[in-house]
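Working notes, structure below.
The values are calculated or read from the model by the stated rules, or taken from the named source; none is laboratory data. Because the structure is a prediction, the values reported are computed rather than measured. All Cβ positions, glycine included, derive from the backbone under ideal geometry; neighbour counts span all protein chains shown. We work out accessible area using only protein heavy atoms, side chains counted, and drop any ligands, DNA or RNA first. Shrake-Rupley method; radii C 1.70, N 1.55, O 1.52, S 1.80 Å.
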Amino acid sequence: VVTTGYGATYALDKPPAGLATGSTVAVPVTITNTSSFTWPAAGTNPVRLSAHWYTATGPVTAWEGPRAILPRDVAVGGSVTLDVPLRVPATKGSYTVRVDLVHEGITWFSDRGVPSASFTVGVNAGYGATYQPQLASLSAALAAPPPAPLNVTVTNTSTRTWAAAGANQVRLSYHLRDSAGRM
């Protein structure tokens, strides 16, 4: 068997399911050195961890990205957990993220036949919600003179936590439209 000398395994504990456009996040990845050489953490050609972004239909949208730096040299058979930095695209959609090691100035591990770890992630504007009015409350609100209370269950489906206080708190409001859709 002829090999390139490069080898690695990747373990993603909990890849994110959704990310906000334009954000930067860190995803923990445990990598194990199955190469025939020690991965250098420093020097002219260190080994780093990065990721490639692909659209749902396959074309690459970002090959080069931020790198996670090894905290020390990793001997053959050794493992280390790093937070791979992901710079999320500015365009909403579904993407495949492929985590890959790079031997800086020499090659990407995937170019040497080492399978990368991958996961699918949805990218959205960062905000999302579902609204479910309580039907009994809706009937009472329509029958009562304004202002009438309307009970609504709101579920946060975004990639961010809603702040209840402070400068950027999230509030619930409404718009009234007539049957023609006018405000």
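Data for the structure
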| quantity | calculated |
| --- | --- |
| Net charge dipole size for the chain [Lys, Arg +1 and Asp, Glu -1 on Cβ; Debye, nearest 20] | 440 debye |
| Linear extension gain, Lys92 paired with Gln134, 0.36 nm per residue minus alpha-carbon span | 12.0 nm |
| Surface accessible to a 1.4 Å probe, Asp73 within the full protein complex, Å² | 90 Å² |
| Separation in nanometres of the label points that stand 7 Å from Cα toward Cβ, at Ala11 and Ala125 | 4.0 nm |
| The range 17-28 - phi-based ³J(HN,Hα) in whole Hz, Karplus 6.51/-1.76/1.60, Gly and Pro as x | 8, x, 9, 8, 3, x, 7, 10, 10, 10, 10, x |
| Fully extended contour minus Cα-Cα distance, from Thr55 to Tyr174, at 0.36 nm per residue | 39.3 nm |
| Heavy-atom surface of the range 12-155, accessible at 1.4 Å and reported per residue (Å²) | 53 Å² |
| Carbon + sulfur, % of accessible area of the chain - ligands and nucleic acids excluded, 1.4 Å | 55 percent |
| Label-reachable residues, the range 86-113, where backbone N falls under 15 Å from a point 7 Å from Ser36's Cα toward its Cβ | 112-113 |
| Rounded, prolate or oblate (a/c below 1.5 giving rounded, otherwise prolate when a/b exceeds b/c) for the chain by Cα gyration tensor | prolate |
| From phi via Karplus (6.51, -1.76, 1.60), per-residue ³J(HN,Hα) for the range 89-106 in Hz, x at Gly/Pro | x, 7, 9, 5, x, 9, 10, 10, 10, 10, 7, 8, 8, 10, 8, 3, x, 10 |
| Ellipticity estimate at 222 nm from DSSP helix runs (n ≥ 4, -39,500 (n - 2.57)) divided over the chain, nearest 500 | -1500 deg cm²/dmol |
| Gaussian network model of the chain, Cα within-10 Å springs - most flexible of Leu138, Leu19, Leu49 | Leu138 |
| Distant-in-sequence amide H partners of Ala8 (H built 1.01 Å from N, under 5 Å) | Thr34 |
| Accessible area (Å², 1.4 Å probe, nearest 10) - Thr91 | 90 Å² |
